[in-house]
Every structure is written in structure tokens, then in C-alpha cells.
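Notes for the one structure printed next.
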């Protein structure tokens, strides 16, 4: 299966056509962005590490019955995935208060939530990905009631599986973003799950092992991402 024309280039990935109209090739980049792309940098081997982490997580999710777009790994940066008609919603699952939720509610970062909270954001950089609700999604035609129910179910199931996995790696899954798309009438988990799209804290020290190191000018991004790879490979090899 050959790499064809570039179909789309985002902040962290490129999407290429293949000779199968139902399959595309996704390549991970080293570029890091924050604040709707106003802050940019290159993190050495970020694409390699994010691709490895995302594949490990998606393969684990598949074993637990959660269907994803992942088809197969090609090399250290590229994967083949099912072509999805993306639903224009970012689905954020929160286990602790952090980031924008702490700012909106005036609560202390790190506060444990009594149960996971799921939020929807309309995916549009020009609007800064505004927070929306089910009514917006249905009325504006982004997703039906049935689709939203399926998305919420998958999001919470993903949270349960990944929280347990990260706990085994002595990492707290604080919150994370998911994106979903439709392939042949079925809603599948797409995009990626990586330190770019998660808040991951060391269980004991609460050291940040995610893109907040870049957002907050903490440094050590490459080392943090490598640590996540190392811990996941260790627990999944047992």
C-alpha cells in the first residue's frame, strides 16, 4: 500500500491518501503547538514517541472492546488508519480538576472529582474550540442523540481502561481529549491519545509528564514523553 498525496496537515500530524479509499496513512510530526498555534517549537522525536504511545494505548483499548481507527503500524512515525468522517467535537474526560476547568470554576488544580466529567468542545481554532453542550451538538447538526450516547459510552469506557493502565505505570490520568469519526456507519475512536492530548502526572511526585511542560515553560518535554513510553512498555510487556 503506497503513500499518496497529502490530504491534510495539522499541528501534529499529516494525513496521506493510499491506494485504498477506505485507508489513509497518518504521520506524526515533532512540532509542538499551544494556545491555538500561537506558541510553537520542535520537541526532538516527539512524533516517534507520540506514535508509539498512541499505538500502545489503542492496541490495549481494542483488547477491551473499544474500536479505534488504527489498522497497523508502518514504521516509527507512520501508521495506517481507517479513513473517518470526523465529528467536529473534542470530547474531554476529566478525573481531576486542572487547566481550563480550574480557571473556570476557581478550584484548586489537582482536586479529585467524585466521578469523571465529560465535556464537549466545538473543534474550531478560529473560535478557540468553545465549550458546548448536547443541545448545541444536536441542533447544529454535529451529532445526533444516538451518536452522542455512543460517544459518551465509549469515552467513559476508554477512561476506565486507560486510568487502570496508567495506574499500573504509576501515572495519574488527570484528563484527556478524544476525537471520534464515522467509518461505514460506525463511530470509531480516531486521532491520537498521547501526552499531547492528556494530562499525565507522576503518581508520587505529581510531576507533569505531558504537554503542560511546554505550555508552562517547564522544560524537559522530551524526557517526560520518553518516561511515559518507558513505563507503558514495561507494564504492557508483563
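Bear in mind that the values in this text are calculations on the coordinates, not laboratory data. Because the structure is a prediction, the values reported are computed rather than measured. In this analysis, Cβ positions are derived from the backbone assuming ideal geometry, glycine residues included, and neighbour counts consider all displayed protein chains.
Computed values, structure above
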quantity: Structure-derived percent of Cα pairs over 22 Å apart: which label, when the choices are (1) 49; (2) 58; (3) 53; calculated: (3)
quantity: Mean separation of Cα contacts under 8 Å, 6 or more apart, over the residue count of segment 85-220: relative contact order %; calculated: 23 percent
quantity: The chain, relative contact order in percent, only Cα pairs under 8 angstrom and at least six apart counted; calculated: 18 percent
quantity: Cα-projected label distance for residue 215 with residue 74, points at 7 Å along beta-carbon direction, nm; calculated: 3.1 nm
quantity: Relative contact order for segment 78-132, counting Cα pairs under 8 Å that sit 6 or more residues apart, in percent; calculated: 33 percent
quantity: Computed label-point distance, nm, for sites residue 67 and residue 40 using a 7 Å Cα→Cβ extension; calculated: 3.7 nm
quantity: Segment residue 85-residue 118, extension gain: residue separation times 0.36 nm, minus the distance between their alpha carbons; calculated: 9.7 nm
quantity: Overall dimensions of segment 114-171 as given by Cα atoms, namely Rg and Dmax in Å; calculated: 14.2, 42
quantity: Two-site FRET efficiency, residue 186 against residue 8, from Cβ-Cβ distance with R₀ of 22 Å, rounded to 0.05; calculated: 0.55
quantity: Sites residue 109 and residue 235, calculated FRET efficiency, Cβ-Cβ separation with R0 30 Å, nearest 0.05; calculated: 0.70
quantity: Length released on extending from residue 131 to residue 31, taking residue separation times 0.36 nm less the Cα-Cα span; calculated: 33.4 nm
quantity: Spin-label proximity, residue 156 to segment 82-120 - amide N less than 18 Å from point 7 Å beyond Cα toward beta carbon; calculated: 91-96, 113-120
quantity: Cα Rg over Rh - segment 75-166, Kirkwood; calculated: 1.01
quantity: Helix-derived mean residue ellipticity, 222 nm - over the chain, DSSP H n ≥ 4, -39500 (n - 2.57), to 500; calculated: -10000 deg cm²/dmol
